[in-house]
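Undergrad: Starting off with a structure, shown below.
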Amino acid sequence: MKSRKKRVSCKDCLDKQRRIDELEKKRRRLEKKLRSEERKAVEELFGPSRLPSKIPAKADTLTERQQKRSGANRGEVGHARQAMPPEEAEEAGLD
């Protein structure tokens with residue numbers, strides 16, 4: 001995005017145009033610096049040299065885990081050991 005240079009005849013106009021050019025150059029430089037800082041901020045959080053323990057966790061992680069039910073769904077048939085009727089069981093003695 002290059003600005004077009006206009007021919008300026010009077011001294012006041014020339015000074016104003018120089019000031020405009022300086023400000024445009026400064027604006028472009030600051031925008032470039034801002035993009036660089038934004039990119040650097042993201043890379044600092046998730047860069048390859050960042051320790052996993054230093055990466056910030058989501059704020060609601062704990063509540064999400066607490067809301068989840070653990071275990072099997074209700075009504076599902078389990079695969080646990082079946083109980084034996086007392087008539088079929090032998091008495092286990094501890095000697």
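Read-outs throughout are calculated quantities, based only on the coordinates presented, and are distinct from any laboratory measurement. Computed from a predicted structure; not experimentally measured.
Undergrad: Once you have the Cα-Cα distance between residue 70 and residue 40, take 0.36 nm times their residue separation minus that, and quote the gain in nm to one decimal.
TA: 6.8 nm
Undergrad: Please report, for the Cα atoms of segment 8-50, the Rg to one decimal and the Dmax as a whole number; what are they, in angstrom?
TA: Taking only Cα atoms of segment 8-50, I get Rg and Dmax of 18.3, 58 Å.
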